Structure formats: structure tokens, C-alpha cells
Amino acid sequence: MAGGVWGPARGAPVGALTLTALAEGIRASRGQPMGPPAPGPQPQPELEPAVEEPGRAATTPTAGGEPPSPPPPQEPAPEGPQQTPRSSWEEGALADLAVYTAACLEEAGFVGTQATALTLSSALEAQGHRLEDQVHGLVRGLLAQVPHLAEGRPRRAALRVLSSLALEHSRDVVFALLRCSPAPDRVAAELWRSLSRNQRVNGQVLVQLLWALKGSAGSQLEALAATRALGEMLSVSGCVGATRGFYPNLLLVLVTQLHELARDAHSPDTPKVWVPSHRGPPHSHASCTVEALKALLTGDGGRMVVTCMEQAGGWRRLVGAGTHLEGVLLLASALVAHADHHLRGLFADLLPRLRSTDDAQRLTAMAFFTGLLQSRPTARLLREEVILERLRAWQGDPEPTVRWLGLLGLGHLALNHGKVRHATTLLPALLGALGEGDPRLVDAALGSLRRVLLQPRAPVRLLSAELRPRLPPLLDDTRDSVRASAVGLLGTLVRRGRGGLRVGLRRPLRKLVLQSLVPLLLRLHDPSPDTAESSEWTLARCDQALHWGLLEEMVTVAHYDSPEALSRICHRMVQWYPSHVPSFLSQTQGYLRSPQGPLRRAAALLTGFLVHHSSPSHVNQDLLDSLFQDLGRLRSDPEPAVAAAARVSGQQVALLARAQPQPCGWSLWGLRHLPCPGRPRPRPARPPPVYADSPFQHRSHPGRWGCSGPG
């Protein structure tokens, strides 16, 4: 009878014994009549010998130190110290014993259950086996038993046994659970959540999970199991309060883990395909980490941080291989804005990580350090001289990523006081970064320079002189983000220097505007929407500062690609700045060789209108010859619209060449021999160029904007 009770049930998992059968087995082992267990705490006296007998058998020595004789097969006597290790079904029976004991002591409350767990632990130790091995067996048995327990008291009692064991042996319970449930499992998730609800245990368990996460650098399966367990526990309301004292450390560990996953080429950046038949949460490793981070932030009152990250695409950036540090910067900014009560702890935990030999830890800490400098109280935790020295050292690092973070940090430190400080350190670093090859460095420098200009008493005159040779090449940069930022910086510079431009001051700025006018007009047709919108905004600032009165025409060209509006703009350019016409045409000529069709067509139109409105004395013969040759090559352009525009503009160049007084025998490429200057020749009015509608943008309706003619 006893063997049937303690043996494994046929077809059932290990430990899947019913409570009634287990009670009968215990009574049979004591020679008592079998029957249903009495409710409440009445079975408690019967269970004490059953629990304590293994300890007595193990601690009672025999004569001569000989091992005790094996018990009769019909009695479930406890094992002696020299007996062979128990099999898996015996471990399951031991788990059943824990479940049943907790069920009988349920009325005794938490203290009774805790005493039972301690008694079980003492009995396990007395058998001569390592305690952590026995805890592993208990946890495995509970994982098999819990699904077969009814909801309510039996299941709660089993979960309380686990909590009691975790109170004294949290490390063993945590590692046993992690080893027993490496894959997503509903029962394991229930066990983790039960540990999370116990306020006397959850803090210890979270600490052990944190250490497990730190110590699992070589095993992604262990890291995934620990991350999934953290997510389950942190999702329980009130559990995040147990992280007091190590919240910043836990946050940094999770973010650093995302960096390690992003660097791993074999780690997916997006969740795996999931079907409803699968058990467990539909998450990849990176997604589990993100969910744990969200639960950590939400449980601590940082719901706005989570929302800001979602709106800015921060979570997507955090799991991206090339955008992780951008996500860290967004997270730091959101924490500064909406959860500043942990910033001091984060800042303190970051400092030792800045010198870590592990790239993921070091770069993640650098990004956090850079972002937290936006908080003035946090930045005051260190002397400014110490922070500046560190940021200067980053500027000299051979790795572009470190120089980029240093540049951002320098901008935050110098500009978060409402005025420009450390200008002697800040401005040379920002201007020098404009020549970097890494687009992140150039974007960071352009953004910081724009913030400098937005400060009171910004050095507009100094920056106008310094940016004049550096900014125009960036307007034609091959990187979309750099072009858009450079155009926007020019608009901000014009806006801040508007007062000086009106009274004729700011000569460097005025020269910079005229030098950039052609690129701005052509970039209205840039394939990058950001660059096109930035060009429109900057041209509006220039129109306002220099009183061109062409705002309507510029908007029309930007949105409708209207040739009539462009003709009016060119007429004003030639009329107001006749000495700059050769420069305008030379700049436009460069865009005739652009690899982008919309820019080639726009350059052909701009050339035609500039030539049409120019007088013969404005353009020399060499420039006309060069323009005619480049337009001739575009007649065979693969884009029909570009070829048609080149033919019309070429005719305008030929007409201007005929209108010029030429030396005898001079001929323009492809034209007939012109008469000598001594002979009288008529100079008929040159007809305006007529261009077909653009296939790249919708054209405005005739006369809709009041610019039906060149004006």
C-alpha cells in the first residue's frame, strides 16, 4: 500500500499526487487508519512525526558507526545517510509533502507555514544532501503540482510554501526556478508573481534576480530567464517599491543588456512571430527586457517616461544595433523631465561605469551621463571643472561615438543655465566638429550651435564670421540629416541677426545669405522632406530680414513648383544684386550635374530665368560657353522633363550670347558665326522661357497666386 502511495502515479507528472492519497500514505507509514484528512489545523500533530522522523533517523548513530539497516519495503521509512540518492519521483513526493503540510497548517497563518518550511529545510539538511539540491527538487515538484491544484486555498498554500523557503533561502529558490523554467511557462510566471506579492520576500528575490542577470553574461538563456522573471515580478502592483536602494542599478543593468543584445548580430531586434497556440508571453529577449523596463518605470510612477519614449520612438531605438545610444539619450531626457527623483542615484552609479573595460557598460554609462547633464541639480553633484575635464578627454578619443557623446555633453553643460558659458571651450569644439566625417558629430555640432544662437546675448557676429566658410559646403552634404540641420542653422542665424541686417551691419552674415541663396532655392526640391521644409523656413527668414517681399513666391515655388513665381524671384535677384549674377549662375551650374532628377530640372529652370533677366554686361563669355555646353549634355538626359528644360534654358543662353557685343570672329559653341561689333545689328527683346509642368511636383493654377508673369 505504501509503495503504491509513494510511487509515481501512472501517466501523471512527477509530484502529481493528490492530497488525499498523500495523507493516506502518511497515515499508513504510522500504522493509522486511512481516511480523509481532518480540516483545519487538526492534522498538525500527525505531520510533526512525519516531518521529524527523517531528522531522527539521520542523526541517531548506530554501533560502530555502521549505517542503519534498510527499512522494510512496506514502510516509507526515511532514508539513511549512506542510502543512494533519491529519484525524481521521490523529489516529487517531497514536494507533495510540502504542499500537504502547508494545506493542513493554512489556518495557522503565515507563521505556521513558515515554521513548516523551516522544519522541512531542517529535515532535508539532516539527510546529508546539499540544501540547494533539495530546494531544486521542491521547486520542480511545485511546478508539476500547482497546475493540478484547485484555485483557492490549496494553490495559495503551495505558493506560501515557496515564499517561506525563499524567505530563508532566496538564492536557492531563485536559481532553482530559473533552471526549472528557462522557457516561457504559465506556472513559473504564477510562482514569480506569488513571490512578488509577498512583501517580506520580494525584495530579496529581486536582488537575487539582479545578481543572476549580472552573472549571466556568458549565457543568454540564463539572462533571458532572469529578465522574464523580473518582468513578471515588476508587473505586480507595488513590487517596484521593493527595489528601493538598487533601483538605479537595476535600471542600468537592463539598459546595458539591451546594448549587448543590439550588438549581437544573432539577436533579433523585433519580436518573433507568435501564434495563439503558443504558451507564455510573445516576447524575444530584447522585447522581454523592454517590457521589464516599462514595468520598472511604470511601477515607480514614471508612466510619462514610458509615454514619451513611445511617442519619440525611444523603445525602437533602444533595441536597434545602430540607434541604441540614441535611445539611451531619449530615456535620460525623459527621466530628467518626468522622473527626477532617481537622477542622483543614477548619476552616482554611472561614475564607476565610465571607466569600465566592457564597451556596452562604458558607452551606455557615457550616454546616460551625457543626458543627465541636462539636469542642473544632477550636474552639480560634481564640480564643473571635473565634468569639463572629462568631456574634453572624450573629445580627443579616437572613437567617433565617444567624441559625439562628449560634444553633446558639452552642449548640455554649457547651455542649461539660460546663457552661454564656457564659450572658449564650447565654440572651438563645435566649430571643429563641423568637419567630422561621422554624421552624428556634425548633427550634434549643428544642433548645439543652434542652441547657442537661441540664448540671450548670443555671439551672432562671431558665429557669422566663423560659419561663412564652414556652412555652405554642408548645405550640399550627401547626408540628409546634415543638410536639413545646416539649412535650419542658417535660418536661426538670420533670425537672430535680423536687426543688424536691416541697418546694413552684419556684413559677414549678409555675404553668407547671398552665398547660400541659390542652394536654398534649389533645395526646395530636395528629395528629403526635412531639407525641403527647412529650406522654405530659412528663405522666409531671409525674406523677412532683407525685405525682399517674395514670401508668397517662395511658398508657391516650394509647394507648386511654379515657373512664374520662380521668374519673379530671379528678376528680384538680378535687380537687387547684379554683381552677384555670375556667382549665382556658377552655383547653379554645379547642380546641373546632380544625380537627382528634380535638382537637375530645378537648376535648368533657375539658369534659364537668371539668364533671361540678366543684361549682357552681367555675364562674361566664358561662363556662357560653359553653361551652354552643360545644358547641351542635359538634352540627352534620361529624364524627359530635365531634357526639355535644358533645351529651353539653352535657348536663353544663346539669346543672351547674341545680345552681347562680341569681338569679330567669336562664336558660341553650336551657334553660327556672329557679326563683328562694328556692324550695326538690331537687339530684339528676348522672349521669356516657357517650361512644361513638372512631373515631380504639382504646379499651381495660372494666376492663382497673382504671379502670372515675370513682373
Next on the checklist: Would you confirm whether or not the stretch 560-576 contains a residue that is farther than 13 Å from residue 656 by Cα and exposed (fewer than 14 other Cβ atoms within 10 Å of the Cβ)?
Outcome noted: yes
Next on the checklist: Being in contact with a Ser or Thr (Cβ under 9 Å, 6 or more places away or on another chain) and part of a loop (DSSP other than H, G, I, E, B) is the filter here; which residues of the stretch 610-645 pass it?
Outcome noted: 618
Checklist entry - How about the stretch 535-564: which of its residues are assigned to a loop (DSSP other than H, G, I, E, B) and of a type in the set (Phe, Trp, Tyr)? => result 548
Checklist entry - Looking at (1) open to solvent by less than 50 Å² (accessible area, probe 1.4 Å); (2) touching a Lys or Arg at 6+ places or on another chain (Cβ under 7 Å); (3) of a type outside the set (A, V, I, L, M, F, W, C); (4) closer than 29 Å to residue 231 by Cα, can you tell me which one residue 361 breaks? => result (1)
Item to check | Test result for residue 328, in contact (Cβ under 8 Å) with a residue 40 or more places away in the chain, in contact with a Ser or Thr (Cβ under 7 Å, 6 or more places away or on another chain) and of a type in the set (Val, Ile, Thr) | outcome: yes
Checklist entry - Picking from 281, 268, which residue would you name as being at pLDDT below 75, more than 14 Å from residue 184 (Cβ to Cβ) and either of a type outside the set (Val, Ile, Thr) or touching a Pro at 6+ places or on another chain (Cβ under 9 Å) (or both)? => result 268
Checklist entry - In the stretch 594-604, is there at least one residue being touching a helix residue (DSSP H, G or I) at 6+ places or on another chain (Cβ under 9 Å), open to solvent by 10 Å² or more (accessible area, probe 1.4 Å), under 20 Å from residue 524 (Cβ atoms) and not in a helix (DSSP H, G or I)? => result yes
Item to check | Failed item, numbered, when residue 474 is tested on (1) in a helix (DSSP H, G or I); (2) open to solvent by 20 Å² or more (accessible area, probe 1.4 Å); (3) not hydroxyl-bearing (Ser, Thr, Tyr) | outcome: (2)
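One line per residue, one yes/no per condition, for (1) in contact (Cβ under 8 Å) with a residue 12 or more places away in the chain; (2) within 22 Å of the chain's Cα centre (by Cα); (3) closer than 22 Å to residue 538 by Cβ:
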site: 401; (1), (2), (3): yes, yes, no
site: 420; (1), (2), (3): yes, no, no
site: 426; (1), (2), (3): yes, no, no
site: 439; (1), (2), (3): yes, yes, yes
site: 469; (1), (2), (3): no, no, yes
Checklist outcome for this item: The condition from (1) modelled with pLDDT under 95; (2) crowded, with 20+ Cβ neighbours inside 10 Å that residue 655 misses is numbered (2)
Checklist entry - From the set of residues in the stretch 408-436 that are of a type in the set (Gly, Ala, Ser) and open to solvent by less than 30 Å² (accessible area, probe 1.4 Å), which is nearest to residue 482 (Cα to Cα)? => result 433
Item to check | Test result for residue 405, touching a Phe, Trp or Tyr at 6+ places or on another chain (Cβ under 9 Å), among the aliphatic types (A, V, I, L, M) and open to solvent by less than 40 Å² (accessible area, probe 1.4 Å) | outcome: yes
Checklist entry - Can you find even one residue in the stretch 221-236 that is more than 20 Å from residue 299 (Cα to Cα) and in contact (Cβ under 8 Å) with a residue 60 or more places away in the chain? => result yes
Checklist entry - Since residue 546 meets every condition but one in (1) surrounded by fewer than 22 Cβ atoms within 10 Å (Cβ to Cβ); (2) touching a residue at least 40 places away in the same chain (Cβ under 8 Å); (3) under 22 Å from residue 452 (Cα atoms), which condition does it not meet? => result (3)
Next on the checklist: Could you check the stretch 437-457 and list, in sequence order, the residues that are open to solvent by 60 Å² or more (accessible area, probe 1.4 Å) and not in a helix (DSSP H, G or I)?
Outcome noted: 437, 456, 457
Next on the checklist: So, in the stretch 507-534, exactly how many residues are in contact with a helix residue (DSSP H, G or I) (Cβ under 6 Å, 6 or more places away or on another chain) and not in a helix (DSSP H, G or I)?
Outcome noted: 2
Next on the checklist: Looking at the stretch 283-298 only, could you name the residues that are of a type in the set (Val, Ile, Thr) and open to solvent by less than 20 Å² (accessible area, probe 1.4 Å)?
Outcome noted: 289, 290
Next on the checklist: Being in contact with a helix residue (DSSP H, G or I) (Cβ under 7 Å, 6 or more places away or on another chain), among the β-branched types (Val, Ile, Thr), open to solvent by less than 30 Å² (accessible area, probe 1.4 Å) and within 30 Å of residue 148 (Cβ to Cβ) narrows it down to one residue among 201, 240; which is it?
Outcome noted: 201
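The values are calculated or read from the model by the stated rules, or taken from the named source; none is laboratory data. Quick caveat, the model's predicted, so the values are computed rather than measured. Quick reminder, even Gly has a Cβ in these numbers, built from the backbone with ideal geometry, and neighbours come from all protein chains shown. The protein model used for the area step is the full one, side chains on, heavy atoms only, and it has no ligands, DNA or RNA in it. Shrake-Rupley method; radii C 1.70, N 1.55, O 1.52, S 1.80 Å.
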